[in-house]
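Only one structure is covered here, and it is reproduced in the block below.
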Amino acid sequence: MRGLKDRGSRRIMAAGGTATAGLVAVFLLAAGCSTGGTGVQDEGAVPSEAASKAPPSPVPSGSPGHFTKSVDAVRLLLADPKVSSRVKADLRPCAKDSYPVDTSYAQLTGSDTPDVVVNVLTCGDAVGMGTYVYREKGKAYENVFAVEEPAVYAAVDRGDLVVTKQVYTRNDPVAEPSGEEVSTYRWSDGKFTREFWVRNEFSRAVGEGEVVATEAPAPGEN
């Protein structure tokens, strides 16, 4: 369900804050290739009053980061030999001409044109089936990152790729994973390399509405 993705996003943000504070690095979202895996924001000094009132500098139309065009993500996936037949077979419209695909554009690989991040979801529960990053190469796009695992989703945070994988144990409902693994990837030497990894395990006590008390032994008793 879409709520699962939203809930995962909130947890990603929390995990990102932990990773940044503990590892003095980056992580996540508002969110890469050694493939696989599963990630904040820095707070700088308060700007001076004069700086805070200064108008933002315009971005030249030809500079990196300028959004130029959208891509047909579904066509990109179906034509990509690196996308598994399983994902392609399940890539069907949820409604008329409406595919369960999320697409983001961001500067990830140092290219002059935005890279494309594509997440493929299930129609009913919006559970991630696969996540991919495409880099423009000439007149085509090259797949430079792919993870095809259940309940995976990628986002972008300040130039880093943040991949979250929900972790389920036996009998976990789709909307209630037992935890998540968050990996932050950075482009280096022509590929994405995992820089940071966080595993969060969620409490089952939170939100249950009832606290079960246990009687503690008296001092001196075993």
- Note on the structure: Scanning the stretch 123-151 for residues that are open to solvent by 50 Å² or more (accessible area, probe 1.4 Å) and part of a loop (DSSP other than H, G, I, E, B) gives CYS123, GLY124, ASP125, GLY138, LYS139, GLU148, GLU149, PRO150
- Note on the structure: Filter the stretch 163-206 for residues that are under 11 Å from ALA151 (Cα atoms), of a type in the set (A, V, I, L, M, F, W, C) and touching a Leu at 6+ places or on another chain (Cβ under 9 Å); the one that is surrounded by the most Cβ atoms within 10 Å (Cβ to Cβ) is VAL174
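How many residues are assigned to a loop (DSSP other than H, G, I, E, B) and farther than 23 Å from PHE202 by Cα if we restrict to the stretch 152-186?
Keep residues of the stretch 152-186 that are assigned to a loop (DSSP other than H, G, I, E, B), which gives 158-159, 168-178.
Among the residues that remain, those that are also farther than 23 Å from PHE202 by Cα are: 158-159.
So the count comes out to 2.
Within 21 Å of the chain's Cα centre (by Cα) and either open to solvent by 70 Å² or more (accessible area, probe 1.4 Å) or among the basic types (Lys, Arg) (or both), is that true of LYS82?
On the way: within 21 Å of the chain's Cα centre (by Cα): yes; either open to solvent by 70 Å² or more (accessible area, probe 1.4 Å) or among the basic types (Lys, Arg) (or both): yes.
Yes.
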- Query: When TYR168 is evaluated against the numbered criteria (1) under 20 Å from GLU180 (Cα atoms); (2) modelled with pLDDT of 95 or more; (3) not aliphatic (A, V, I, L, M), which criterion, by number, is the only one it fails?
  - Reply: (2)
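Quick check on VAL156: is it closer than 23 Å to ASN119 by Cβ, modelled with pLDDT under 85 and open to solvent by less than 100 Å² (accessible area, probe 1.4 Å)? Can you show your working first?
On the way: closer than 23 Å to ASN119 by Cβ: yes; modelled with pLDDT under 85: no; open to solvent by less than 100 Å² (accessible area, probe 1.4 Å): yes.
No.
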- Task: Go through the stretch 79-96 residue by residue and tally those that are under 16 Å from LEU121 (Cβ atoms) and of a type outside the set (Lys, Arg).
- Result: 9
- Task: List every residue pair whose Cβ atoms sit under 7 Å apart, with the two residues 6 or more apart in sequence or on different chains, where the first one lies in the stretch 102-117 and is crowded, with 20+ Cβ neighbours inside 10 Å and the second, anywhere, is basic (Lys, Arg).
- Result: THR109/ARG135; ASP115/ARG135
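Within the stretch 88-101, take every residue that is of a type outside the set (Gly, Ala, Ser) and open to solvent by 50 Å² or more (accessible area, probe 1.4 Å) and give me the one that is farthest from THR193 (Cα to Cα).
Our first condition is that a residue be of a type outside the set (Gly, Ala, Ser); within the stretch 88-101, this holds for 88, 90-94, 96-97, 99-101.
Narrowing the set further to residues that are open to solvent by 50 Å² or more (accessible area, probe 1.4 Å) leaves 88, 90, 92-94, 96-97, 99.
On the way: LYS88: 26, ASP90: 29, ARG92: 31, PRO93: 33, CYS94: 34, LYS96: 38, ASP97: 35, TYR99: 30 Å.
Filtering first and then ranking leaves LYS96.
The values are calculated or read from the model by the stated rules, or taken from the named source; none is laboratory data. Just so you know, these numbers come straight off a predicted model, no measurement behind them. Neighbour counts are summed over all protein chains in view; Cβ atoms, including those assigned to glycine, are modelled from backbone coordinates with ideal geometry. Note: accessible area is taken over every heavy atom of the protein model, side chains too, but ligands, DNA and RNA are not part of it. Shrake-Rupley method; radii C 1.70, N 1.55, O 1.52, S 1.80 Å.
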